1. Conditions: (1) within 20 Å of residue 409 (Cβ to Cβ); (2) surrounded by fewer than 18 Cβ atoms within 10 Å (Cβ to Cβ). Residue 300 meets all but one. Number of the miss?
2. Can you tell me how many residues within segment 254-274 are surrounded by fewer than 19 Cβ atoms within 10 Å (Cβ to Cβ) and closer than 21 Å to residue 290 by Cβ?
3. So the check is Cβ under 6 Å with 6+ separation or different chains; which pairs have a first residue in segment 98-121 that's closer than 14 Å to residue 145 by Cβ and modelled with pLDDT under 95 and a second one that's open to solvent by 10 Å² or more (accessible area, probe 1.4 Å) and of a type in the set (S, T, N, Q)?
4. Restricting to segment 275-285, what's the tally of residues that are open to solvent by less than 10 Å² (accessible area, probe 1.4 Å) and closer than 29 Å to residue 356 by Cα?
5. Given the structure, is residue 295 assigned to a helix (DSSP H, G or I), within 30 Å of residue 359 (Cβ to Cβ), basic (Lys, Arg) and touching a residue at least 24 places away in the same chain (Cβ under 8 Å)?
6. Within segment 148-171, restricting attention to residues that are open to solvent by less than 10 Å² (accessible area, probe 1.4 Å) and aromatic (Phe, Trp, Tyr), which residue is farthest from residue 334 (Cα to Cα)?
7. Name, by its number, the condition in (1) surrounded by fewer than 23 Cβ atoms within 10 Å (Cβ to Cβ); (2) under 15 Å from the mean Cα position of the chain (by Cα); (3) more than 21 Å from residue 75 (Cβ to Cβ) that does not hold for residue 108.
8. For segment 394-404, check the following and say yes or no: at least one residue is open to solvent by 10 Å² or more (accessible area, probe 1.4 Å) and out of contact with any Gly (no Cβ under 9 Å at 6 or more places or on another chain).
Amino acid sequence: MYKKMRVSLALAASLALAATGCGNPSDNDNPDLGEASDGTITINMMHLYPQAGAAGQYRIVNKIIDEYQTENPNVVIKQEVLDNEQYKAKIKVLSAINELPDVGMTWAAGYLQPFVGGELFAPLDDLLQGELKDSFVAGTTEAYSIQGKTYALPLEFNLAPIYYNKKIFEQYGLRVPTTYGEFLNVVKTLEDNGVVPVALGNKDRWTGSLWYMYMADRIAGAEKLANALKGEASFADPGLTESAKLIQDLVGMNAFNEGFNGLSNDEVKEQFIQGKAAMYLMGTWELPNYTTNQKVEQQLRDSIGFFKFPTVAGGKGNIDSWVGGPGVGLFVAENSPVKEEAKKFVEFFVKRWGEVSVTGAGVIPATKVDTTKVQLPQLYTDLLNEVNKATSITLFADVQMASGAAEVHLNQIQALFGGAVTPNQFAAEHDKAVKAGQ
């Protein structure tokens with residue numbers, strides 16, 4: 001979900017802008033490039049909600065598009081749908097040649113910066129003064145703001161709980177752990193009985209980052225972790241190096257499925273959904289698979305619960321501190337030939353997403369939700385309540401770090417899980433990357 005660019009998009013985009021014009025007037029005869037001669041306006045949208053992996057979201061996207069086209073018969077929305085990793089790879093290529101879709105998806109903070117630096121995204125502050133005024137959960141739009149301007153509007157707000165299979169826990173007499181010692185006992189019991197304790201697809205690397213971030217939060221505290229990510233503290237802090245060590249201890253206990261560093265998140269997600277692993281640490285964007293996705297058997301959906309990452313004895317973190325934050329947001333390309341119509345569509349989309357995605361897809365939107373008026377699955381309600389009582393929410397590391405530093409972080413996460421670096425080497429590489437500020 002959160003893989004970063006391997007090259008500077010700002011530089012690549014600048015080179016592309018120097019070499020590429022914004023199109024000729026005759027381009028308007030091509031419906032893919034804006035307004036056709038008959039007055040039809042085509043908006044190209046690229047998103048990462050494929051039907052196979054995000055059925056609820058896919059359904060809602062198409063519902064909203066159909067509604068918009070009905071209200072605006074001169075507008076055609078053309079979709080390109082990719083899975084998470086394919087999307088990131090393609091958006092990088094399109095950015096480098098300045099051929100972004102009119103509307104697309106992006107992540108916040110550090111991920112956003114190269115696009116803004118390359119003048120690829122249009123500011124959307126005017127939309128926050130219209131129908132969307134005061135609609136967003138506090139702090140969500142700010143994550144998409146750079147130097148006082150907002151460059152995308154968030155769709156989701158996410159926490160990252162540990163989902164677990166209740167039936168597997170019951171079978172082995174296990175209780176939900178609240179302390180790390182209890183968690184280790186759960187892992188050992190499952191491993192002793194031939195059950196995969198945790199599903200992890202660390203080929204994508206950000207998945208392993210979730211584990212490290214929680215460990216660092218619970219041991220060193222949310223403030224120390226945040227400061228290290230900003231370069232205001234060292235990753236060589238004893239609490240942070242101890243966190244890296246405990247990650248490697250978990251690997252040594254066979255806490256994760258075999259071959260985790262070579263498997264994608266989508267591959268191991270299926271293992272958890274099919275009951276082949278007992279636990280799975282992932283964001284609440286997965287909620288639809290356990291609440292509204294009819295392709296997942298009701299019996300399995302009913303067996304999924306969640307718990308908060310346990311506290312560590314002597315650690316500075318607390319159990320109501322979360323890793324999470326705003327999820328994907330919609331951008332409008334600065335050089336879009338239909339920029340104003342694209343902005344109208346984004347305003348409509350975000351408003352309707354907030355209204356229908358809760359019951360239609362089972363996701364937590366970035367806009368405010370009145371849960372008193374709708375009937376919601378208990379799993380959803382419980383996680384929504386956790387948002388309200390969270391003591392802190394630390395934004396995903398690779399999203400908030402600068403592009404180059406984030407790439408180092410992700411590579412080091414995979415190396416840490418694979419035993420290719422020591423905790424001290426892991427810390428040193430992070431400090432060097434954050435100091436470089438790229």
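1. Result: residue 300 fails condition (1) only.
2. Kept after step one, since they are surrounded by fewer than 19 Cβ atoms within 10 Å (Cβ to Cβ), are these residues of segment 254-274: 254, 258-259, 262, 264, 266-267, 270-271, 274.
Restricting the remaining residues to those that are closer than 21 Å to residue 290 by Cβ gives 264, 266-267, 270-271, 274.
Looking only at that region, the number is 6.
3. Once the first residue is closer than 14 Å to residue 145 by Cβ and modelled with pLDDT under 95 and sits in segment 98-121, its partners that are open to solvent by 10 Å² or more (accessible area, probe 1.4 Å) and of a type in the set (S, T, N, Q) give 109/400; 110/400.
4. Taking segment 275-285 as the starting set, the residues that turn out to be open to solvent by less than 10 Å² (accessible area, probe 1.4 Å) are 277-284.
Then keep just the ones that are closer than 29 Å to residue 356 by Cα; that gives 280-284.
The number of residues fulfilling the criteria is 5.
5. Details: assigned to a helix (DSSP H, G or I): no; within 30 Å of residue 359 (Cβ to Cβ): yes; basic (Lys, Arg): yes; touching a residue at least 24 places away in the same chain (Cβ under 8 Å): yes.
Considered against the rule, which asks whether it is assigned to a helix (DSSP H, G or I), within 30 Å of residue 359 (Cβ to Cβ), basic (Lys, Arg) and touching a residue at least 24 places away in the same chain (Cβ under 8 Å), residue 295 comes out as no.
6. 169
7. For residue 108, the failing item is (1).
8. Within segment 394-404, the subset open to solvent by 10 Å² or more (accessible area, probe 1.4 Å) is 394-395, 400, 402-404.
Filter again for out of contact with any Gly (no Cβ under 9 Å at 6 or more places or on another chain), leaving none.
Within segment 394-404 (the criterion being open to solvent by 10 Å² or more (accessible area, probe 1.4 Å) and out of contact with any Gly (no Cβ under 9 Å at 6 or more places or on another chain)), the answer is no, since none of the residues qualifies.
The values are calculated or read from the model by the stated rules, or taken from the named source; none is laboratory data. Computed from a predicted structure; not experimentally measured. In this analysis, Cβ positions are derived from the backbone assuming ideal geometry, glycine residues included, and neighbour counts consider all displayed protein chains. Just the protein is used for accessible areas: all its heavy atoms, side chains included, with ligands, DNA and RNA removed. Shrake-Rupley method; radii C 1.70, N 1.55, O 1.52, S 1.80 Å.
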